[in-house]
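The values are calculated or read from the model by the stated rules, or taken from the named source; none is laboratory data. Note that the structure is a prediction, hence the values are computed from the model and not measured. For neighbour counting, all protein chains shown are included, and Cβ atoms are generated from backbone atoms with ideal geometry for every residue, glycine included.
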Amino acid sequence: MKISTKGRYGLTLMISLAKRYECGPTSLKSIAEENDLSDLYLEQLVGPLRNAGLIKSVRGARGGYMLVKHPSEITAGDVIRLLEGPITPVEGIEEEPPAQKQLWMDIRDAVKKVLDETTLENLMNYKETSEMAGYMFYI
């Protein structure tokens, strides 16, 4: 399974909205600039997200987009499935020999588990840590 720019940018958009959850509507232009993305491409992604009830638009001078639910209630799986379709590592799993079929189903289930257990809140609060951060080297 390969996630396209549609899924990646859609998730980036949703994380940006999650970070501003209590701040009101945010323009796509500001999200695009902040993440070095095309605002025209983001405009194509908001339709499905709005139709699915994950975001809403607010008109006016201070308008923009905002999440409908709390970031802890929206998973990466919600966004990826909506923009990419079903999560499956291979097409035609049903026709595979039993051992291979089981492997593909295990991979699918593992990916689903990670996506469904990872919320926007988890992603917006992610802090990169380096294993080397606690070490001091002297030469």
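Do you know which of the residues in segment 110-129 that are among the polar types (S, T, N, Q) and not in a helix (DSSP H, G or I) is farthest from Lys69 (Cα to Cα)?
Filtering first and then ranking leaves Thr129.
Give the residues of segment 39-61 that are closer than 22 Å to Arg81 by Cα and assigned to a loop (DSSP other than H, G, I, E, B), sorted by residue number.
Across segment 39-61, the qualifying residues are Ala52, Gly53, Leu54.
Determine which member of the set Ile87, Ile74, Ile55, Ile80 is without any contact (Cβ under 8 Å) to a residue 60 or more places away in the chain and either surrounded by 11 or more Cβ atoms within 10 Å (Cβ to Cβ) or touching a Gly at 6+ places or on another chain (Cβ under 6 Å) (or both).
Exactly one residue qualifies, and that residue is Ile55.
Only one residue in Gly92, Gly63, Gly85 is in contact with a strand residue (DSSP E or B) (Cβ under 8 Å, 6 or more places away or on another chain) and at pLDDT below 95. Which one?
On inspection, the qualifying residue turns out to be Gly63.
For segment 1-31, which positions are touching a strand residue (DSSP E or B) at 6+ places or on another chain (Cβ under 9 Å), small (Gly, Ala, Ser) and not in a loop (DSSP other than H, G, I, E, B)?
Within segment 1-31, Ser16, Ala18, Ser30 meet the criteria.
Within segment 109-116, does at least one residue satisfy the condition of being under 25 Å from Ala52 (Cα atoms), loosely packed, with under 12 Cβ neighbours inside 10 Å, of a type in the set (Asp, Glu) and modelled with pLDDT of 90 or more?
Yes, that holds for at least one residue.
Out of segment 41-57, which residues are closer than 13 Å to Leu13 by Cβ and of a type outside the set (Gly, Ala, Ser)?
Tyr41, Leu42, Glu43, Gln44, Leu45, Val46, Pro48, Leu49, Arg50, Leu54, Ile55
For segment 52-79, give me each residue that is closer than 20 Å to Tyr126 by Cβ and of a type in the set (S, T, N, Q). Quick ask: steps written out before the conclusion?
Kept after step one, since they are closer than 20 Å to Tyr126 by Cβ, are these residues of segment 52-79: 54, 67, 69-79.
Residues satisfying the conditions are Ser72, Thr75.
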